Every structure is written in C-alpha cells, then in structure tokens.
Amino acid sequence: MYSGYMNMPNNNYYPIQNILLVEPYVLQTLKSIIGKRVIIDTIRGTVQGTLVDVKPDHVVIKEFEDDQPTFVRIQQIVFVMPIR
C-alpha cells in the first residue's frame, strides 16, 4: 500500500512531494480565448478545434460540437494560435 513516503537506500523514509508548475500568464491568455477556434501544437503533434475549457494543468478542445473532448496537458503545449 502507498504510504506517501519513499524508502531511500539508507533505510530512511522521506515524504514524497508533488510539484505542479502553474504558468499564470499562459492560463490568463488561454482563458481569454475560450470559445474560439485554435491550433495547439504539442510535443506529440497538432490539435485543432474550439477551446472549451481551461484548467491549471490542462485545456479541453472539441473539433466539432458533438465530438468527444480532447484533453491536452498545458506542460505539453509548444504554442497556441487562434484561427478564424
């Protein structure tokens, strides 16, 4: 069972800390274009669609209104470009 501590080689236990980097200017910019069509280039390829929602760690994109949403981690984004 996970205890929240990591056993080091010298048998000492140290608490595990999760670190989440939040980029406030990126979040602010993404929130300002919610509802607009965008191209998002990621380290794995390009995603295109309407920006539906923005969270501190991911964005939600839908290519068409009835499509399933695509979730993109903000840390994976290279650039975002609004399109017409």
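Is at least one residue of the range 56-65 part of a helix (DSSP H, G or I), of a type outside the set (Ser, Thr, Tyr) and out of contact with any Lys or Arg (no Cβ under 6 Å at 6 or more places or on another chain)? Looking through the range 56-65, none of the residues is part of a helix (DSSP H, G or I), of a type outside the set (Ser, Thr, Tyr) and out of contact with any Lys or Arg (no Cβ under 6 Å at 6 or more places or on another chain).
Being in contact with a helix residue (DSSP H, G or I) (Cβ under 9 Å, 6 or more places away or on another chain), more than 13 Å from residue 31 (Cβ to Cβ) and surrounded by 11 or more Cβ atoms within 10 Å (Cβ to Cβ) is a property that does not hold for residue 70. Can you work out which of the residues in the range 53-73 that are over 13 Å from the mean Cα position of the chain (by Cα) and of a type outside the set (Lys, Arg) is nearest to residue 18 (Cα to Cα)? Here the residue is 69.
Every number here is computed from the coordinates shown, using simple stated rules; none is lab data. Remember, predicted model here, so these are calculated numbers, not experimental data. No Cβ is skipped: glycine too gets one built from the backbone with ideal geometry, and neighbour counts run over all protein chains shown.
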